[in-house]
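The values are calculated or read from the model by the stated rules, or taken from the named source; none is laboratory data. Keep in mind that this is a model prediction, so the values were computed, not measured. Here Cβ is always computed from backbone atoms with ideal geometry, including for glycine, and neighbour counts include all displayed protein chains. Note: areas computed on protein heavy atoms with side chains; ligands, DNA, RNA excluded. Shrake-Rupley method; radii C 1.70, N 1.55, O 1.52, S 1.80 Å.
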Amino acid sequence: MDATNLIRMANRIGDFFEAYPDNAEALEGIANHIEKFWEPRMRWQLLDFLAEHPDGQAPGIALHPLLRQAVMRNSARLTPRQARRA
């Protein structure tokens with residue numbers, strides 16, 4: 001998947017959970033959503049993006065700060081168990 005589209009999808013999740021009054025609940029909700037509904041290739045791509053751009057910023061795209069925080073905090077949990085596929 002194109003990185004721009006992936007980040008756009010991720011940012012929609014961040015936008016949704018940003019409305020939660022409890023920050024810890026929002027971070028947990030984001031991690032749960034990504035863990036349950038994103039296929040391993042998408043999770044690898046998101047984790048790779050953050051490894052390359054720890055601030056969540058790349059030319060032309062920026063990761064929602066709340067989503068970035070949730071993924072960084074839960075990276076071990078969000079790392080797919082199966083081997084990486086090309």
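Remarks
- Residue list for segment 35-46, filter: open to solvent by less than 40 Å² (accessible area, probe 1.4 Å) and within 15 Å of Asn5 (Cα to Cα): Trp38, Met42, Arg43, Leu46
- All positions within segment 56-71 that are in contact with a helix residue (DSSP H, G or I) (Cβ under 8 Å, 6 or more places away or on another chain), open to solvent by 70 Å² or more (accessible area, probe 1.4 Å) and either over 17 Å from Asp15 (Cα atoms) or assigned to a loop (DSSP other than H, G, I, E, B) (or both): Gly60
- Among the residues making up segment 72-84, those that are assigned to a loop (DSSP other than H, G, I, E, B) and surrounded by fewer than 16 Cβ atoms within 10 Å (Cβ to Cβ) are Thr79, Arg81, Gln82, Ala83, Arg84.
- Search result, residues across segment 1-39 that are modelled with pLDDT of 95 or more, of a type in the set (A, V, I, L, M) and not in a helix (DSSP H, G or I): Ala19
- Glu18 satisfies every condition listed in (1) exposed (fewer than 12 other Cβ atoms within 10 Å of the Cβ); (2) more than 13 Å from Ser75 (Cα to Cα) except (1).
- Every pair of residues 6+ apart whose Cβ atoms lie under 9 Å, when the first sits in segment 1-23 and is within 18 Å of Pro40 (Cα to Cα) while the second is open to solvent by 90 Å² or more (accessible area, probe 1.4 Å): Met1/Arg41; Met9/Met1
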